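All remarks here apply to the structure that follows.
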Amino acid sequence: MNVLIIDPDDARAALVAEGLRLDDSLHGATLHIWPRFELARLSEINPDMVIIACESPDRDTLDALQIAHEHAPRPVAMFVDRSDANTTAQALEAGVAAYVVDGYAPNRVASILSVAAHRFNLMQTLRHDLSKARADLAARKTIDRAKGVLMTSRGIGEEEAYRLMRKHAMDSGRPIAAIAEDILAISDLLKKRDDGC
Amino acid sequence: MLSVRIGFSPLNDAALVVLAEALGFYSAEGLDVSLSREANWSNIRDKLSYGLLDGAHVLATLPLARGLGLGPAIGHIIAPMALGANGNSVVISSKLKEVFEGLGASTLLESARALRLVIQHRRAVSEGKVTLAIPFNYSPHHFVLRHWLAAGGIDPDRQVQWVVLPPSRMADHLRDGVIDGFCSGSPWPQMAELNGDGVVLFSDPAFWTLKPEKVLALRGVWAEEHPEAAVALTRALLRAGQWAIDPAHADELALILSREAYVRAPLEAIQAALAPGGAGLILDPQTATFPWISHAKWFIGQFVRWGLTEGSHDFDAIARRVYRPDLWRQAAAPLGLSLPVEDEKDEGGADAPWMLPAAPDPVLMPPNTLFDGGVFRVRRP
């Protein structure tokens, strides 16, 4: 069985491929990954099934192959799970659709699509977690720098500086990182005046 | 406020849909609309089918294809209004343009005949078929190109290779010689021309002065559950049209379209398409947004003509199940627009401005002609 994965997002495509390799029912399937759909190269792979990211602009090219084409003599049709409309709907919501060539093995197609949808959701969760972790790290750095500014300008210790910021944050009902940003901005302003322009 | 999810494709003819958000017409009609910029038509079709969108800016042919039972989608889709008229252009390679000029072809009929000579020549010297790109199989673009080719004596099925491409990739393929021409909504053709990738051969108005193109599509189930919202949504878009036809708003219209969240294309290309002599997009709510049953029937006729569906359909029943002039009238009446008396009109054959019977006042309509002089007549009892 030949499965072609089309996704402009390399990392996500790799995650989908990994998910499919781990699936026992798919033992022996050959996976191919393309960042974009190239009709002229379709016969090189001759896939039985194509998984495509909905955000790929090439989806309409693939979708059009339900009408016979020189490069795709076998009709390609979007896979819609008639017995379980949820599979298709959940996949679309996750941002992925499946196409089958010549009505290939429907029972396996549904499970492949489910795995792909699961991996698309996983990727989104990973990306979300990563961006949150990055934001947390940036906030911590800002707080540390602001603490340094307070320690120098007021001649206080680290703990006292942090306590001051936290109190201000609580009094003003704003996150401590925002208070730290204010301190840094104002200290920059003061520094520039010191430069004597 | 009712939450409504509306999809659109990044094209100039999504103008009414994006203007209504940018200018607050949705909220003025009591709707909390969130727009979703979609990368392809298949996505919009499927999201409408599975309830991930309530409505969308779509090719007029998309809900009709559904009405004809074509494609994978489930569920009924209705069209309470057109989102304007025209807006597409046909772009060809500069090489082909030179050949056309050498043959003295200046009208559409002449250029189609010139292309026939090119096709014959290529076959004689065993070169590849002339290849043309369209954005979607079931599209007005496809029908316009086929009608134009057939007028020049070309068999669009056997003598031309068709390929479906996203408009964003068409210019690259043209420059690289993979295709000989394409038809796309603006501003892509104008961008291709500005970048020197090809030349605009003709735009919609040269083919048909008032060509139907995009409609507002609503998920049938949603519209049944929210009949008032369906009318309010239509009204918000008609109000956007009333704003858009004021010449004083031309610059702002182009600026809004060019935004990152909307068309996300260079302002220069968007303006070139909107300018006189450009893609001919008409946003006038009075003359270019009524969902004419005769438009729907013309399109269904094209599906049949090109063998995309069997001919045994009840044209009238399908057209009226999908196109909903009754909803347009409900939406338009409080805005001071005149309501057409009939749901159908002759398409083509009006070379000069003409009066459309409407209430309270008749409407002065722009010319309605096709380049080949063809007329699609309403059958009157």
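Here B:Gly30, B:Gly84, B:Gly69 are screened, and the one residue that is on the phi > 0 side of the Ramachandran plot and within 14 Å of chain A (Cβ to nearest Cβ) is B:Gly69.
Results for (1) within 14 Å of chain A (Cβ to nearest Cβ); (2) farther than 16 Å from B:His142 by Cβ, shown as yes or no for each residue.
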residue	(1), (2)
B:Trp162	yes, no
B:Pro167	yes, no
B:Ile179	yes, no
B:Gln190	no, yes
B:Gly196	no, yes
B:Asp204	no, no
B:Lys211	no, no
B:Leu216	no, yes
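Taken over the range A:5-47, the criterion of being more than 17 Å from A:Val96 (Cα to Cα) and among the acidic types (Asp, Glu) is satisfied by A:Asp23, A:Asp24, A:Glu38, A:Glu44.
Evaluating A:Asn46 against the criteria (1) at positive phi; (2) within 11 Å of chain B (Cβ to nearest Cβ) leaves one unmet condition, (2).
Of the residues making up the range A:55-95, just one is in a strand (DSSP E or B), facing another protein chain (nearest Cβ under 7 Å) and surrounded by 18 or more Cβ atoms within 10 Å (Cβ to Cβ), namely A:Met78. Against the numbered list (1) over 23 Å from A:Leu42 (Cβ atoms); (2) free of Cβ contacts under 8 Å to residues at least 40 places away in the same chain, A:Pro75 comes up short only at (1).
Within the range B:282-318, if we keep just the residues that are hydrophobic (A, V, I, L, M, F, W, C) and without any contact (Cβ under 8 Å) to a residue 60 or more places away in the chain, the residue that is nearest to B:Ala250 (Cα to Cα) turns out to be B:Ile293.
The one condition from (1) under 11 Å from B:Ala217 (Cα atoms); (2) within 14 Å of another protein chain (Cβ to nearest Cβ) that B:Ile74 does not meet is (1). Selection within the range B:111-141: residues that are within 14 Å of chain A (Cβ to nearest Cβ) and without any contact (Cβ under 8 Å) to a residue 40 or more places away in the chain. The member of this set that is surrounded by the most Cβ atoms within 10 Å (Cβ to Cβ) is B:Lys129. Output yes when any residue across the range B:264-281 is surrounded by 22 or more Cβ atoms within 10 Å (Cβ to Cβ), aliphatic (A, V, I, L, M), without any contact (Cβ under 8 Å) to a residue 24 or more places away in the chain and under 21 Å from B:Glu21 (Cβ atoms), and no when none is. The answer is no; no qualifying residue exists. Taking each residue of the range A:7-27 that is assigned by TED's automatic domain parsing to the domain that holds A:Ala94 and without any contact (Cβ under 8 Å) to a residue 24 or more places away in the chain and looking for partners that are surrounded by 15 or more Cβ atoms within 10 Å (Cβ to Cβ) and in a helix (DSSP H, G or I) with beta-carbon atoms closer than 9 Å, six or more apart or interchain, yields A:Ala17/A:Arg119; A:Leu22/A:Val115.
For A:Ile33, the stated conditions hold: it is surrounded by fewer than 19 Cβ atoms within 10 Å (Cβ to Cβ), closer than 18 Å to A:Asp7 by Cα, touching a residue at least 24 places away in the same chain (Cβ under 8 Å) and more than 10 Å from chain B (Cβ to nearest Cβ). The single condition from (1) closer than 22 Å to A:Asp10 by Cβ; (2) within 8 Å of chain B (Cβ to nearest Cβ); (3) surrounded by fewer than 18 Cβ atoms within 10 Å (Cβ to Cβ) that A:Leu39 fails is (3). For the range B:6-27, taking the residues that are away from chain A (no Cβ under 14 Å) and in contact with a Pro (Cβ under 9 Å, 6 or more places away or on another chain), the one that is farthest from A:Pro57 (Cα to Cα) is identified as B:Leu16. Of the helices (runs of 4 or more DSSP H) entirely within the range B:284-378, those holding at least 3 residues that are touching a Gly at 6+ places or on another chain (Cβ under 9 Å) occupy B:285-288, B:293-305, B:315-322. The residue pairs whose first member lies in the range B:36-59 and is more than 16 Å from A:Ala98 (Cβ to Cβ) and more than 10 Å from chain A (Cβ to nearest Cβ), whose second member is surrounded by fewer than 23 Cβ atoms within 10 Å (Cβ to Cβ) and among the aromatic types (Phe, Trp, Tyr), and whose beta carbons are closer than 6 Å, counting only pairs six or more residues apart or on different chains, are B:Asp54/B:Trp222. Would a scan of the range A:124-143 turn up a residue that is surrounded by 15 or more Cβ atoms within 10 Å (Cβ to Cβ) and within 30 Å of A:Ala89 (Cα to Cα)? Among the residues of the range A:124-143, not one is surrounded by 15 or more Cβ atoms within 10 Å (Cβ to Cβ) and within 30 Å of A:Ala89 (Cα to Cα), which makes the answer no.
Per-residue answers, yes or no, for (1) assigned to a strand (DSSP E or B); (2) on the phi < 0 side of the Ramachandran plot; (3) touching a Ser or Thr at 6+ places or on another chain (Cβ under 6 Å); (4) surrounded by fewer than 22 Cβ atoms within 10 Å (Cβ to Cβ):
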residue: B:Glu193; (1), (2), (3), (4): no, yes, no, yes
residue: B:Phe202; (1), (2), (3), (4): yes, yes, no, yes
residue: B:Ala217; (1), (2), (3), (4): yes, yes, no, no
residue: B:Val221; (1), (2), (3), (4): no, yes, no, yes
residue: B:Ala240; (1), (2), (3), (4): no, yes, no, no
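Can you tell me which residue within the range B:345-364, out of those that are touching a Pro at 6+ places or on another chain (Cβ under 9 Å) and charged (D, E, K, R), is surrounded by the fewest Cβ atoms within 10 Å (Cβ to Cβ)? It comes out as B:Asp351.
The values are calculated or read from the model by the stated rules, or taken from the named source; none is laboratory data. Because the structure is predicted, anything quoted here is derived from the model rather than measured. Cβ sites come from the backbone with ideal geometry, for glycine too, and all protein chains shown count toward neighbours.
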